[in-house]
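Have a look at the structure below, then the notes.
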Amino acid sequence: MRSTRALSTVGATALGCLLTASSLTVATAATGSLGAGGPLGSLDALGSLGAGEFDLQAHRGGVGLHVESTPQAFSHALELGVTTLELDTQVTADGAVMVTHDRRPRTDVCQDTAPVVAGDPLFPYMDDYIHELTLEQVRTLDCGSLRRPGYPDQQTHPGEQMMLLSELFDLVRAHGADGPGGVRMNIETKVEAGAPEQTAPREEFVSAVHEEIADSGLEQQITIQSFDWGALMAMHELAPALPLVALTNHDFLGIDSHEPSPWLGGIDIADFDGDGVAAAASIDGVVAYSPVATHPDQSCTVGESDCRAYVTREMVDSAHSHGLKIIPWTVNNVPTMEYLMDIGVDGIITDYPNLLRDLMSERGRALPRQYTAEG
């Protein structure tokens, strides 16, 4: 496996741009430790949700409020007060674990600046997959200047570089959000099971993310999520006690296919009569099921026009009967949030954590703590 330890000092750190705000309270404690010879992580990271506690997850830090996956987005989420920072990872050609959703940089999120060296054959880097680029090449991208279409209130941060996962951990510490009772981090291994040549190989990808978590000392606060259930299985082999979250949507389950879906790690959904919950529950280490909230329109508002909820009360009851939490994605309007809370989901992933926090307050739900940068 390519070592990433030496890479964390390459490039300018983004932590100098941390935002500050007032400090109030802290999220639920996650327990567990990495003892001598012991497994990494703790199955209590989600299981420790208290009665009535709701998991407010800021999607990529809160895409509706700040450019996604930037230090400012995650810092604002901590200061606003969320239960969980939700984020994605990709792995570079030299083994660095980056905080980014996209296997190839999005043209409405990042842009090229200049090559690392004149005549670099891989430049422009925006045309390449992250796993084909080195950390130094990725760090030339400006991933803060562009306001993404559809997010008119998104604050930009010109010149911001793509973050390392280790820098996200540093940011959590800088806000005092580490340790018992600290903020949770729901980290996606963004392995592209449907086009595996477009991301780092599964085992290499999972190993790199695992190494960063092991080095961080924050394993008690971390869950691993993935649409690629094979990546979840691979992570469980490396860290049997690390809690896993099975992401999915209708298409990735392969319910209408004659062949098993490449996203399910060898599971054939037909063996479970098309039941994604039961299939996810069969994977060792999975503690939560995280489906899309609506289908086929993933951004519609429940109760309007032809919007169809994918998550139903029956699905929620099934997840709970299998011992799983259920945390739908990505919900950006209040009526759908209300619908999901009414049918008993355990949390919601949203681009607008401010809206969900306000709704939680209106409903008398316990609110996650707020943090401010220390020093």
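The values are calculated or read from the model by the stated rules, or taken from the named source; none is laboratory data. Please read all numbers here as calculations on a predicted model, not as lab measurements. Neighbour counts run over all protein chains shown; Cβ positions are idealised from the backbone, glycine included. Calculation scope for accessible area: heavy atoms of the full protein, side chains included, ligands and nucleic acids excluded. Shrake-Rupley method; radii C 1.70, N 1.55, O 1.52, S 1.80 Å.
Using the Cβ-Cβ distance between ARG106 and ASP297 with R0 = 25 Å, the FRET efficiency computed as 1/(1 + (r/R0)^6) comes to roughly 0.75. Surface composition of segment 100-165: carbon plus sulfur atoms hold 49% of the accessible area, using a 1.4 angstrom probe and ignoring ligands, DNA and RNA.
Express as a percent, rounded to the nearest 5, the fraction of DSSP beta bridges in the chain (both residues included) that run antiparallel. If I count the DSSP bridges inside the chain, around 20 percent turn out antiparallel.
For a Förster distance of 22 Å, can you work out the FRET efficiency between the beta-carbons of SER321 and ASP273, rounded to the nearest 0.05? For SER321 and ASP273, the calculated efficiency is 0.90.
Summary of the geometry: segment 97-137 and segment 61-96, compared by the centres of their Cα atoms, lie 19 Å apart.
Amide H contacts of LEU133: ALA93, each under 5 Å away and 5 or more positions distant or on a separate chain (H built 1.01 Å from N in the peptide plane; Pro and chain starts excluded). Electrostatic bookkeeping for LYS190 treats Lys and Arg as +1 and Asp and Glu as -1; over the other residues with beta carbon under 10 Å from its beta carbon, the sum is -4. Label segment 276-323 by shape, choosing from rounded, prolate and oblate, from the square roots a ≥ b ≥ c of the eigenvalues of the Cα gyration tensor; if a/c is under 1.5 it is rounded, and otherwise prolate applies when a/b is larger than b/c, oblate when it is not. Since a/c reaches 1.5 and a/b is larger than b/c, the shape of segment 276-323 is classed as prolate. Neighbours of ASP120 by Cβ distance under 14 Å: Lys/Arg scored +1, Asp/Glu scored -1, total -4. In the context of the full set of protein chains, the chain has a per residue accessible area of 38 Å² (1.4 Å probe). Here the label points at GLU338 and ALA114, each 7 Å from Cα along the C-beta direction, are separated by 5.4 nm in the simple model. Exposed loop sites are taken as GluC sites (Glu not before Pro) in a DSSP loop (any state but H, G, I, E or B) with at most 15 other beta carbon atoms within 10 Å; the longest stretch of the chain without one runs 1-303. Which stretch or stretches of segment 54-95 have amide N atoms under 18 Å from the point lying 7 Å from GLU132's Cα along the Cα→Cβ direction? Flagged as within label range: 90-95. Taking trypsin sites (Lys or Arg not before Pro) as exposed when DSSP calls them loop and at most 13 other C-beta atoms lie within 10 angstrom, the chain has its longest site-free stretch at 1-307. Place a label point 7 angstrom from the Cα of ASP153 along the Cα-to-Cβ direction, then list the residues of segment 74-93 whose backbone nitrogen is under 14 Å away. Residues passing the 14 Å test: 77, 80.
Using the Karplus relation 6.51 cos²θ - 1.76 cosθ + 1.60 with θ = phi - 60°, the per-residue 3J(HN,Hα) values for segment 309-317 come to 6, 8, 7, 10, 4, 5, 5, 4, 4 Hz, with x marking Gly and Pro.
The 3J(HN,Hα) values that the Karplus relation (6.51, -1.76, 1.60; θ = phi - 60°) gives for segment 209-225 are, in residue order, 5, 4, 5, 5, 5, 4, 6, 6, x, 10, 4, 5, 9, 10, 10, 10, 10 Hz. Gly and Pro appear as x.
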